[in-house]
Amino acid sequence: MRLLMLLEYRFQRTPDGTVWTEGAFSYPFLIQRPKVFDSIRVLARVKDIPERRSNSTRVDGPGVTFAPVPNYVGVGQYLLRAQRVRAAIRRAFEPGDAVAFRGGSQVAATLALALRERRYPYGVRVVGDPYEVLAPGVVSHPLRPFLRYWVTRQLRQQCAWASAVAYVTSMVLQRRYPASPGAFSTHYSDVELPPEAFVASPRSLSPEGRPFRIVFVGALAQMYKGADVLLDALAMCAGKGLSLEATLVGDGRYRGALEEQAAKLGLLERARFIGQLASGAAVREELDRGDLFVLPSRTEGLPRALLEAMARGLPCVATAVGGIPELLPAADTVPPNDAPALARKLEEVIASPERRAAMSLANLETASGYREDMGAARRAAFYGEVRDRTERWRRDAARRV
């Protein structure tokens with residue numbers, strides 16, 4: 001049986017027809033996922049580019065093909081291409097395929113509605129919370145209040161209609177987006193860290209004689225990750241005479257505005273924007289140069305960047321949103337959108353090498369629960385349920401003919 005897997009991600013396609021990514025969804029990542037299927041057909045937005053980019057990796061290959069959706073960014077472009085997007089979804093789906101997707105996107109909503117009309121089984125993965133993503137102060141858009149209501153409603157419907165639902169959190173997302181009573185429900189994370197992601201032992205005390213180094217890793221396409229809050233907190237700490245600097249890894253349309261903010265705050269010598277890095281070794285090198293990882297997100301599911309930092313034994317401070325409280329103790333979290341609270345937490349952590357050492361040990365132990373294959377049994381059960389319910393639908397359909 002083939003799996004039609006919808007990914008809310010934008011891939012790149014070169015003139016020879018091969019598909020590439022600069023993110024985590026590489027061919028090994030995909031082919032190792034649902035091992036209960038013969039092959040995978042990926043339904044996702046694809047942008048045509050003239051040549052492969054140097055830091056990209058190939059996605060398609062034996063057992064992994066693509067059903068491309070016209071590329072769009074944002075609500076406006078979607079509305080302009082909606083008819084073509086819907087047509088691409090109809091072409092991609094073939095009765096008899098198992099179907100699984102990450103919920104919350106407009107493509108997912110269109111696909112779920114078409115499946116609902118057929119009473120066709122599907123599995124949905126809940127990896128984030130649009131109610132938080134579209135909260136005031138996170139996204140600036142004239143339609144934000146309506147979109148918050150509408151997308152949250154759509155995700156609730158997708159979970160209520162699904163045959164199987166998998167969450168990245170153990171409790172948080174389940175409360176807002178419950179599965180129906182007759183559905184299979186489980187939780188596991190897509191974050192599976194390879195052996196090379198881990199350091200052998202916790203961090204030693206930071207060396208003296210240089211500024212304290214903070215690392216931030218996050219997309220700058222929206223303000224979800226709170227990089228602006230981090231800059232405000234850094235300025236507050238610098239104003240109190242703390243010797244510190246920050247490296248911000250990530251790129252997107254708000255990078256220029258954030259660099260302007262850093263300049264206005266007098267942080268040109270303290271805040272270093274280095275753009276997007278290829279996942280893996282390049283990111284780990286930056287993490288290893290740091291003394292503290294900070295993620296002041298306004299919304300999250302279960303953040304991969306935070307877990308990768310924890311696996312390097314880095315002390316971490318983050319906001320208490322989404323699944324983060326399942327990873328960090330309350331003492332290492334702050335409220336979202338609260339730069340003074342973040343500044344106070346940074347002062348508190350920087351002042352205590354003993355506390356950082358304890359944080360390093362605890363974080364390394366927590367991250368060990370996300371080693372490769374730790375969630376394999378739950379993931380296999382989820383996809384196995386999608387396969388079995390699809391097979392039952394096929395048998396019932398054959399009897400009706």
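The values are calculated or read from the model by the stated rules, or taken from the named source; none is laboratory data. All figures in this text were calculated on a predicted structure; none of them were measured in a lab. Cβ placement follows ideal geometry from the backbone for every residue including glycine, while neighbour counts extend to all protein chains displayed. SASA here: full protein model, heavy atoms, side chains in, ligands and nucleic acids out. Shrake-Rupley method; radii C 1.70, N 1.55, O 1.52, S 1.80 Å.
With the checklist (1) assigned to a helix (DSSP H, G or I); (2) open to solvent by 10 Å² or more (accessible area, probe 1.4 Å); (3) in contact with a Gly (Cβ under 6 Å, 6 or more places away or on another chain); (4) closer than 22 Å to V124 by Cα in hand, flag the one item R392 doesn't pass.
Unmet condition: (3).
For segment 328-368, which residues satisfy the criterion of being assigned to a helix (DSSP H, G or I), farther than 17 Å from G290 by Cα and polar (S, T, N, Q)?
Correct list: T366, S368.
Given the structure, is L258 within 15 Å of M223 (Cβ to Cβ), of a type in the set (A, V, I, L, M) and in contact with a strand residue (DSSP E or B) (Cβ under 8 Å, 6 or more places away or on another chain)?
yes
Which of (1) at pLDDT 95 or above; (2) small (G, A, S); (3) open to solvent by 20 Å² or more (accessible area, probe 1.4 Å) does A341 not meet, given it meets every other one?
Going through (1) at pLDDT 95 or above; (2) small (G, A, S); (3) open to solvent by 20 Å² or more (accessible area, probe 1.4 Å) one by one, A341 breaks only (3).
Considering only segment 369-386, how many residues are crowded, with 20+ Cβ neighbours inside 10 Å and assigned to a helix (DSSP H, G or I)?
Qualifying residue count, segment 369-386: 6.
At pLDDT below 95 and open to solvent by 60 Å² or more (accessible area, probe 1.4 Å): does that describe Y254?
Taking the combined requirement at face value, the residue does not satisfy it.
Considering only strands (runs of 3 or more DSSP E) fully contained in segment 160-233, which possess at least 1 residues that are under 26 Å from R284 (Cβ atoms), open to solvent by 60 Å² or more (accessible area, probe 1.4 Å) and touching a residue at least 24 places away in the same chain (Cβ under 8 Å)?
212-217
Please specify each residue of segment 264-300 satisfying the condition of being open to solvent by 50 Å² or more (accessible area, probe 1.4 Å) and either under 16 Å from L244 (Cβ atoms) or of a type in the set (G, A, S) (or both).
Within segment 264-300, L265, G266, L268, E269, R270, R272, S279, A281, R289 meet the criteria.
Six or more apart or on different chains, Cβ atoms under 6 Å: show the pairs whose first residue is in segment 342-355 and more than 13 Å from S243 (Cα to Cα) and whose second is modelled with pLDDT under 95.
P353/L205
I'm checking my understanding of the structure. Among residues of segment 30-74 that are open to solvent by 30 Å² or more (accessible area, probe 1.4 Å), part of a loop (DSSP other than H, G, I, E, B) and closer than 13 Å to Q12 by Cβ, which one is modelled with the lowest pLDDT?
N55
Could you check how many residues of segment 243-268 are charged (D, E, K, R) and without any contact (Cβ under 8 Å) to a residue 12 or more places away in the chain?
Adding up the residues that qualify gives 2.
Since L361 meets every condition but one in (1) open to solvent by less than 30 Å² (accessible area, probe 1.4 Å); (2) more than 19 Å from K225 (Cβ to Cβ), which condition does it not meet?
(1)
Say we look at segment 75-93 and pick out the residues that are open to solvent by 20 Å² or more (accessible area, probe 1.4 Å), without any contact (Cβ under 8 Å) to a residue 40 or more places away in the chain and not basic (K, R); which of these is nearest to R41 (Cα to Cα)?
A87
Which of the residues spanning segment 139-156 are hydrophobic (A, V, I, L, M, F, W, C) and modelled with pLDDT under 85?
V139, L143
All but one of (1) outside any loop (DSSP other than H, G, I, E, B); (2) buried (at least 22 other Cβ atoms within 10 Å of the Cβ) hold for Y131; state the number of the condition that does not hold.
Every listed condition holds for Y131 apart from (2).
Of the numbered conditions (1) open to solvent by 60 Å² or more (accessible area, probe 1.4 Å); (2) at pLDDT 90 or above, P136 fails exactly one; give the number of that condition.
It is condition (2) that P136 fails.
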